[in-house]
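Each value in this text was obtained by applying a stated rule to the coordinates, not by laboratory testing. In this text, all values refer to a predicted model and were calculated from it rather than measured experimentally. When we count neighbours, we look across all protein chains shown, and the Cβ atoms used for this are built from the backbone with ideal geometry, even at glycine.
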Amino acid sequence: MQFYHVDRDCSLEEGQEITLKPISEASILRKDVAHELYPEGVTSHGEKYLSPPENDEDQQSYWIEAWCEVIRLLEFPEKTSRFQSVFGCETPDAAEAFAREFSSDQDEAIIWKVEADNTRTVEMGYNQLGAGVELLSNIHYQRKYWEGEQPPEMTQGLTEILAEPPIRVLGEERRISLV
């Protein structure tokens, strides 16, 4: 399956293959626990969220990802972890909208056309991840996320593709300014 990935660090290159990073090489505080849960390794997303946030601005995202992973581990262990996934969108325009919504601390990003095996690719409704303002709402929306459902009260939003590596970087689609 081909889709579009937002490279916020502007670090990818055409022809590159995105793979899981071994836990032994990752910047994670509790490598013993991480290796137990993710023996195959993690993506850069997993590496970022498996350690405490570096600043106050990252707190909300950190806890959203933590809730999401706890619900997955307890209720949907057969689903691929977000910590072992590469994210994307179906179209370059959707990827650009995603970048503009969720890259406030970046000056620019590159949207790449990438490819993953169909058998390991799922689509999820991203907008419900941080929708709950209290505990039970968070649990409700996290469950719906992993079930692949968009609750009726969330008829609009971004759909993200979660793809398990390896991911092949096919080519640069566009470079965008985020300032």
Seminar exercise, completed: Taking a crude spin-label model, label points 7 Å out from Cα along the C-beta direction, the S44 to S61 distance in nm is 1.2
Exercise. If we count other beta carbons within 10 Å of each Cβ, what is the order of E164, E108, fewest first?
Worked result: E108, E164
Exercise. Gaussian network model of the chain, Cα springs within a sub-10 Å range: biggest mean-square fluctuation belongs to which of L29, L135, L50?
Worked result: L135
Exercise. At a Förster radius of 35 Å, what calculated FRET efficiency corresponds to the Cβ-Cβ distance of E115 and L136, to the nearest 0.05?
Worked result: 0.35
Seminar exercise, completed: Using the Kirkwood radius over Cα pairs of the chain, the Stokes-Einstein translational diffusion coefficient at 20 °C and 1.002 mPa s, in µm²/s and rounded to a whole number, is 128
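Would you calculate a helix-derived [θ] at 222 nm for the chain, using -39,500 (n - 2.57) for each DSSP H run of n ≥ 4 and dividing by the full residue count, to the nearest 500?
-9000 deg cm²/dmol
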For this session: Estimate the FRET efficiency between L12 and D32 by the formula 1/(1 + (r/R0)^6), using the beta-carbon distance for r and 22 Å for R0, to the nearest 0.05.
Result: 0.15
Seminar exercise, completed: About its Cα centre, the chain carries a charge dipole, from +1 on Lys and Arg Cβ atoms and -1 on Asp and Glu Cβ atoms, whose size in debye to the nearest 20 is 320
